[in-house]
Structure formats: C-alpha cells, structure tokens
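Where a number appears in this text, it was derived from the coordinates with a stated rule and is not lab data. All figures in this text were calculated on a predicted structure; none of them were measured in a lab. Backbone-built Cβ (ideal geometry, glycine too); neighbour counts: all protein chains shown.
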Amino acid sequence: LIPFVKNLYDINIDAEYWCGDLANGERNTEWLDRYGKFVYFLIFSTGTTYGTLELVNSNLFGLRMFSMGIAPPSFRRFRQQRFWVLLSANLPQIIIQLVLIF
C-alpha cells in the first residue's frame, strides 16, 4: 500500500513540475487534461507509475494518448526516483529475510 500511495504522490508532484515547464508546459497541461484519467487507470491496473509513464511517453502506434511528450531531462529526473520506490516496497521483505538469516 505504501509504494502505491508513493506512486500517486510522485505522479502528482511531477505532473505539476511538467506543467510548469517553460518549453512543454502548455502541451503537457493539455495532454494531462485530456488523458489524465487514462494515466490513473493505467497506474491502478499495472501498479506502477514508471511503466505507465514509459508507455504514455512511447508514441506507440503514433496515437496521441501514447505521446505525452515529457522532455527527456524531466523524464530522467522521474526515473531516478524509481530506486527509492522499489526500496520502500521491498524493505519489509528485506528486514524479514535479514532477521531469518541471523
């Protein structure tokens, strides 16, 4: 549950960042207004924000719904957060394994 809530928090914070981008902010705002519900649906169905953003930023089949257009530096910044989400998701399992080993 914690990683899922963190994913939703991250997407909201980063969406504000992307919409405030001087170069692509207006385009990102329009895209999120139109396809934001689709993004949340994908996050709920896949359980991962990172896979969802890879998909909606992939220009799959040339469809607009898969052409979010996040600038590469902004997208890299978002991907760097992935480590901390994965660590927080697996921390309870790591602790249990360490306790059982020792």
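Could you work out the helix-only [θ] at 222 nm for the chain, with each DSSP H run of four or more residues adding -39,500 (n - 2.57) and the total divided by the number of residues, to the nearest 500 deg cm²/dmol? Could the numbers behind the result be given before it?
Details: 5 runs with 77 residues, N = 102.
After summing the helix terms and dividing by the residues of the chain, the value is -25000 deg cm²/dmol.
Within the shell of other residues whose beta carbon sits under 12 angstrom from the beta carbon of Q80, the net charge comes to +2, with Lys and Arg scored +1 and Asp and Glu -1.
Extension gain for the segment R79 to I101, taken as residue separation times 0.36 nm less the Cα-Cα distance, is 4.7 nm to one decimal. About the centre of its Cα atoms, the chain shows a dipole size close to 220 debye [charges on the beta carbon of Lys, Arg (+1) and Asp, Glu (-1) only; nearest 20 debye]. For the chain, the relative contact order works out to 29 percent when only alpha carbon pairs closer than 8 Å and six or more residues apart are counted.
Span-like helices, the chain: DSSP H, alpha-carbon axial extent 15 Å or more, mean Kyte-Doolittle -0.5 or greater, which ones? Flagged H segments are 2-19, 25-46, 82-101.
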